[in-house]
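Report on the following structure.
The values are calculated or read from the model by the stated rules, or taken from the named source; none is laboratory data. Here the structure is a predicted model, which means the values were calculated and not measured. Heads up, the Cβs are rebuilt from the backbone with ideal geometry, glycines too, and the neighbour counts pull from every protein chain shown. Only protein heavy atoms, including side chains, enter the accessible area calculation; ligands, DNA and RNA are left aside. Shrake-Rupley method; radii C 1.70, N 1.55, O 1.52, S 1.80 Å.
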Amino acid sequence: MAKGKVAKRPTRDEFVLEEIGNQLTEAYQEKSVVELTVWGVPEAVRGTIVKMDSRTGKVHVEQEEETQKVSFMDIMALNYPRD
């Protein structure tokens with residue numbers, strides 16, 4: 001029986017989630033450009049973190065003129081672009 005289920009997001013332990021949270025906070029405070037690897041999104045989300053909304057669990061990433069809202073739980077990794 002084939003079910004049209006979406007693949008489940010990989011689970012991560014508290015240490016990994018805390019580390020990602022710390023990296024996000026640091027990048028937000030320093031207004032650094034970051035690349036977020038987001039679960040279920042084929043390309044990295046690149047931009048500057050302009051808001052971290054604890055109420056909705058979303059991280060707001062500004063890319064030129066548009067702001068993309070990414071769920072914290074979907075962020076798999078944070079990197080700093082080399083260029």
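Hey, among 37, 11, 25, which residue is hydroxyl-bearing (Ser, Thr, Tyr) and free of Cβ contacts under 8 Å to residues at least 24 places away in the same chain?
Numbers: 37 fails: free of Cβ contacts under 8 Å to residues at least 24 places away in the same chain; 25 fails: free of Cβ contacts under 8 Å to residues at least 24 places away in the same chain.
Only one candidate qualifies: 11.
State all residues of region 24-83 that are part of a loop (DSSP other than H, G, I, E, B) and over 24 Å from residue 13 (Cβ atoms); if no residue qualifies, say none. Step through it out loud before you land on a result.
So the first thing to find is which residues in region 24-83 are part of a loop (DSSP other than H, G, I, E, B), and the list is 31-32, 39-44, 54-57, 64-65, 80-83.
31, 32, 42, 43, 55, 64, 65, 81, 82, 83 - these are the residues of region 24-83 that are part of a loop (DSSP other than H, G, I, E, B) and over 24 Å from residue 13 (Cβ atoms).
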Of the residues that make up region 3-15, is at least one in contact with a helix residue (DSSP H, G or I) (Cβ under 7 Å, 6 or more places away or on another chain) and either among the small types (Gly, Ala, Ser) or modelled with pLDDT under 95 (or both)? yes
In region 36-58, residues that are closer than 22 Å to residue 7 by Cβ and touching a strand residue (DSSP E or B) at 6+ places or on another chain (Cβ under 7 Å) total 8
Just a yes or no: is a residue in region 53-66 loosely packed, with under 10 Cβ neighbours inside 10 Å and aliphatic (A, V, I, L, M)? no
Residue list for region 5-23, restricted to those being open to solvent by 90 Å² or more (accessible area, probe 1.4 Å) and in a helix (DSSP H, G or I): 14, 15, 18
